[in-house]
Every structure is written in C-alpha cells, then in structure tokens.
Amino acid sequence: MRVVQVSDCHLFASTEGKLLGLNTQFSLDRVLELVQSEQPSMDIILATGDLAQDSSLEAYQRLDAALGEFGVPTYWIEGNHDKPAPMLQALKGHKAQMGPLVIERGEWTIVMLDSTIPGEVPGELYDDDIEFLRRSLKNAAGQHIMVCLHHHPIPMGCKWLDTQVVSSADRFFEVIDAEPRVRAVVWGHVHQEFDGERQGVRLFAVPSTCVQFKPHSDDFAVDKQPPGYRWFDLYPDGRIETQVSRVQGIEFEVDMSVKGY
C-alpha cells in the first residue's frame, strides 16, 4: 500500500496569504505537482494537521479540492492552528475522513489521533484520546499498525520546539509498547524530516509543504531546505519503505522580519 503524507500547509483564506513571507498556497501547489509526477499509483493521502493557518473554511475547501484531484481517499487530523468545525464543513460532513479515526486496509490498520489542546500550541492526549488509542489497537483488524498524530511524542532536539511535545507521551508509549503489532508512529508539526526508531517501532516526521524549521536549533530558526512530503510503502509482511521528496529548482524565500508563526 502506497501512502502519501502531507502536513503543515498553513493555508489562508486568501491565496495570497503568507507565512514568514512565504506564499503557502504557492508552495503547496508545487508540492502537489511533485506528488502528481511521482505518485501515479498511491492508495491514500494522510494530511497530518496545521492544514490552515487561519482556520478558514476557504482554506480547507481549497485543500479538499486539491487533494480530491488525486482520486484516492484522504484523511485529515487537526493541528494546533486548525479548528474542527470548518474542517468538517469543508469535508462535506464526512466525519469518517477526519480524526480521530481508524483506517483498515488489507494487512494494515492506521490509527489517526487528535493531539491538540483547544486554543494552545503544545500537544496532549487526554484520557479519552488514550482510551481511543487503546481500544483501536486492541480491535485493529490488521496484522500491522501505523499510528499518526500531529504533535511530536519524542523530543526533536530543538529546545524551542520541544516545549510543544505531547505532554502525555509516557502514557502514549505505554499503550504503544503493549501492542506488538505497532510498526510505526508518524507525526507532523515539526516542519522537518525525521526517521528514527524506539523499541522496534519506526518513528517518522515529515517536512512542511511550506516553511521548514531548522533542526537542532535552540531558538526559533528557519531552514533553507525546500518544502516536501513523505511517501510510505506498507507491505503485507510489516515492512516499511519510506522516503521524503522535496521540490527542486525553485527558490523559496522566507522573510524572518515578517511575524506570523
């Protein structure tokens, strides 16, 4: 199964909206053009939060239309910049497309969690979220499981960013550790690539489709890497192949004097 992950689009109601001086609609369009050229046979798209910067219905509607062009099922989870009501409205009320949710596809189960705190930037999984995870893992039909959320459950090595880590990460990993079928945990939010492992479980973060954050920085810093996305091949025997792909040949100018993140 070929899975495509896009994240942290930070779209605005206006197609002219900019984040740190970068037009986020322009950068998303370039990333989706790359997906179109590289992914002729993908199976599903996962959009892992901060899909809009201003939580506007117009932004979500444009994203839904753009992803709908691929003709495959798409699933969204909320990020700290998002609001669920306009997201759901843009999805035409199809609650099964918005997390928390469970996707069953052959030998794989994908569990998508809501790690947001309303009105706050950091991540959290409340009692209901932990119970949803525990129940979803127990009842998973697949022999292999991927868990997705917006916020990072482990530190990324960026002091400023790691103040936003999921505060209930210990409880989260207690549940993950108790289910041997979990093969991967995937997140967005950090605007940078990450590929690691914890107790045999693969850990992945994805670049943003717009501004990138500089890895291993103590203070907020923007990286010069271009926007991108991640693809996964999930095999029936539990193997995972994955790679990040980035837009090439276009200069993405970020203006750090412009406030707004």
Identity of the residue in segment 98-120, touching a helix residue (DSSP H, G or I) at 6+ places or on another chain (Cβ under 7 Å) and within 19 Å of Tyr235 (Cα to Cα), that ends up surrounded by the most Cβ atoms within 10 Å (Cβ to Cβ): Val111
Reported set for segment 1-20 where residues are surrounded by fewer than 18 Cβ atoms within 10 Å (Cβ to Cβ) and touching a Ser or Thr at 6+ places or on another chain (Cβ under 8 Å) is Arg2, Ala13
Which one of these does Asn80 not meet: (1) crowded, with 19+ Cβ neighbours inside 10 Å; (2) within 25 Å of Gln248 (Cβ to Cβ); (3) polar (S, T, N, Q)? (2)
Filtering segment 176-192 down to residues that are more than 15 Å from Asp50 (Cβ to Cβ) and in contact with a Gly (Cβ under 8 Å, 6 or more places away or on another chain), which residue is surrounded by the fewest Cβ atoms within 10 Å (Cβ to Cβ)? Arg181
So Ile250 fits all but one of (1) of a type in the set (Val, Ile, Thr); (2) closer than 24 Å to Gly106 by Cα; (3) at pLDDT below 95; what number is the exception? (2)
I need the full set of residues from segment 170-190 which are assigned to a strand (DSSP E or B) and touching a His at 6+ places or on another chain (Cβ under 9 Å), in order please. Val182, Arg183, Ala184, Trp187
Touching a Gly at 6+ places or on another chain (Cβ under 7 Å), of a type outside the set (Gly, Ala, Ser) and under 28 Å from Ser37 (Cβ atoms): does that describe Pro226? no
Go through segment 227-246 and report how many residues are surrounded by fewer than 18 Cβ atoms within 10 Å (Cβ to Cβ) and either within 22 Å of Leu20 (Cβ to Cβ) or not polar (S, T, N, Q) (or both). 9
Starting from segment 18-41, keep only residues that are closer than 23 Å to Gln243 by Cβ, then list their pairs with residues that are surrounded by fewer than 15 Cβ atoms within 10 Å (Cβ to Cβ) whose Cβ atoms are within a distance under 7 Å, requiring at least 6 positions of separation or different chains. Arg30/Ile250
Cβ-Cβ under 8 Å pairs, at least 6 apart or on other chains, segment 60-75 side under 22 Å from Val186 (Cα atoms), far side of a type in the set (Gly, Ala, Ser) and assigned to a loop (DSSP other than H, G, I, E, B): Tyr75/Gly99
Any hit, segment 122-135, residues being hydrophobic (A, V, I, L, M, F, W, C) and farther than 26 Å from Gln192 by Cβ: yes
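Condition check ((1) part of a strand (DSSP E or B); (2) more than 18 Å from the chain's Cα centre (by Cα); (3) closer than 24 Å to Pro122 by Cα) across all residues:
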position	(1), (2), (3)
Phe26	no, yes, no
Asp29	no, no, no
Ser55	no, no, yes
Gly71	no, yes, no
Gly79	no, no, yes
Leu88	no, no, yes
Ala96	no, no, no
Which numbered condition Asp129 fails, given (1) surrounded by fewer than 15 Cβ atoms within 10 Å (Cβ to Cβ); (2) assigned to a helix (DSSP H, G or I); (3) acidic (Asp, Glu): (1)
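The values are calculated or read from the model by the stated rules, or taken from the named source; none is laboratory data. Keep in mind it's a predicted model, so treat the numbers as computed, not measured. Note: ideal-geometry Cβ built from the backbone for every residue, glycine included; neighbour counts use all protein chains shown.
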